[in-house]
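The values are calculated or read from the model by the stated rules, or taken from the named source; none is laboratory data. Bear in mind that the values here come from a model prediction, so they are computed numbers and not experimental data. Cβ placement follows ideal geometry from the backbone for every residue including glycine, while neighbour counts extend to all protein chains displayed. Each accessible area value is taken on the protein alone, full model and side chains, heavy atoms only, with ligands, DNA and RNA left out. Shrake-Rupley method; radii C 1.70, N 1.55, O 1.52, S 1.80 Å.
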Amino acid sequence: DNSKSIVEVIEHTNKDRVQKSCGRNERVLNFYMTTDRYGYETSFEWLTAGGLVFASGPSHDENFDDLTTYTYNYCVKVGQQYKLKMKDKMGDGMCCEFGRGTYGFSVGGETLYDSKKSRTFTREKTHTFRVKAPPS
């Protein structure tokens, strides 16, 4: 249906509720992160293949709290490519000497990335993936 926007974002903490809200050709994208001791340095953007930002954090004029876990759920379209851009204002990433920050994401319950509390980037890291159809 081309009358819908490229991505319809639904953000809830309850994954089951999001699953029921997703369309027939959509899957749940679960994004989770725990900030380090300098949460204000961390930000993220979710983008479509065309570069449209469909979700980002923190909210305008706000910062993430230190040592806090955040979970976001979105509906994403099967067959589409998406990008996650993780950013750190100070260029020291989310891990190690400044607290064990971590992040990861899954689609339809399949983990596509998990930093496992290891240094994964300094100033910015981009992850690109395509949403697969669910198993039949």
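Points to keep in mind about this one:
- Among the residues of segment 110-135, the ones that are at pLDDT below 95, within 14 Å of the chain's Cα centre (by Cα) and assigned to a loop (DSSP other than H, G, I, E, B) come to 1 in all.
- Among the residues of segment 3-52, just one is at pLDDT 90 or above, outside any loop (DSSP other than H, G, I, E, B) and open to solvent by 60 Å² or more (accessible area, probe 1.4 Å), namely Tyr40.
- Screening segment 66-95 for residues that are among the charged types (D, E, K, R) and assigned to a strand (DSSP E or B) and picking the one that is surrounded by the most Cβ atoms within 10 Å (Cβ to Cβ) gives Asp88.
- Segment 53-65, residues that are open to solvent by 20 Å² or more (accessible area, probe 1.4 Å) and touching a residue at least 40 places away in the same chain (Cβ under 8 Å): Phe54
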